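First comes the structure, then the notes that go with it.
The values are calculated or read from the model by the stated rules, or taken from the named source; none is laboratory data. None of these values were measured; they are calculated from a predicted model. Here the Cβ positions follow ideal geometry from the backbone for every residue, glycine too, while neighbour counts run over all protein chains shown. Protein only, heavy atoms only, side chains kept; ligands, DNA and RNA dropped before computing areas. Shrake-Rupley method; radii C 1.70, N 1.55, O 1.52, S 1.80 Å.
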Amino acid sequence: VPRDYKLGDIFSENGKITMIFEGPNASSFTLNEEKSSWDSSALLRNYVEPNWGEDYATTHEQGITIYISNKTSDAAWVNRGVLYQITSNGVLTKKQVRNIVVSL
């Protein structure tokens with residue numbers, strides 16, 4: 001978890017877990033996790049391109065392909081049959097996103 005953030009509410013519905021992290025100055029970000037049969041290519045085709053167009057960056061950390069929106073720093077990746085999504089509305093840096101991915 002990035003410095004100055006703490007875990008807030010956790011929700012679970014239909015196999016999807018949503019965790020909300022609260023930070024300074026009423027900032028927050030959301031981490032969603034759900035089982036998925038997608039690989040990185042399917043994630044790109046089915047989620048990243050339809051939602052972010054071509055306005056995203058791709059990075060790799062410890063064998064994981066991470067897609068990060070250039071506008072909002074939202075992120076998505078798959079790892080071991082789980083789809084992860086971060087919705088941050090620009091409150092996280094790309095480095096913070098990469099650190100979250102590696103920590104999971």
- Item | Zone of N89's modelled label, taken as backbone nitrogen in the range 1-36 under 11 Å from a point 7 Å along Cα→Cβ | 26-30
- Query: What order do R98, R80, R3, R45 take when sorted by accessible area (1.4 Å probe), most exposed first?
  - Reply: R80, R3, R45, R98
- Message: How high is the relative contact order of the chain? Use alpha-carbon pairs under 8 Å, at least six apart in sequence, and give a whole percent.
- Response: 23 percent
- Based on Cβ point charges of +1 for Lys and Arg and -1 for Asp and Glu, what charge dipole magnitude is obtained for the chain about its Cα centre, in debye rounded to the nearest 20? 240 debye
- Result for the range 57-104: accessible area per residue, probe 1.4 angstrom, in square angstrom, of 49 Å²
- Note on the structure: Spelling it out for L92: with amide H atoms placed in the peptide plane at 1.01 Å from N, the residues 5 or more places away or on another chain with amide H under 5 Å from its amide H are none
- Provide the FRET efficiency to the nearest 0.05 for the L104-R45 pair, computing r from the beta carbons and using R0 = 25 Å. 0.60
- Note on the structure: Restricting to lysines and to Cα separations under 22 Å from K6, and discarding same-chain partners fewer than 8 apart, the set is K16, K94, K95
- What list of ³J(HN,Hα) values in whole Hz, one per residue of the range 70-85 in order, does the Karplus curve 6.51 cos²θ - 1.76 cosθ + 1.60 (θ = phi - 60°) give from phi, with Gly and Pro shown as x? 6, 7, 10, 6, 5, 9, 8, 7, 10, 7, 6, x, 10, 8, 10, 9
- Message: Could you work out what % of the accessible surface of the chain is carbon and sulfur, using a 1.4 angstrom probe and leaving DNA, RNA and ligands out of the count?
- Response: 43 percent
- Note, the range 40-57: 3J(HN,Hα) by Karplus (6.51, -1.76, 1.60, θ = phi - 60°), whole Hz, Gly/Pro = x, goes 4, 5, 5, 4, 4, 5, 8, 10, 4, 5, x, 8, 10, x, 9, 8, 8, 10
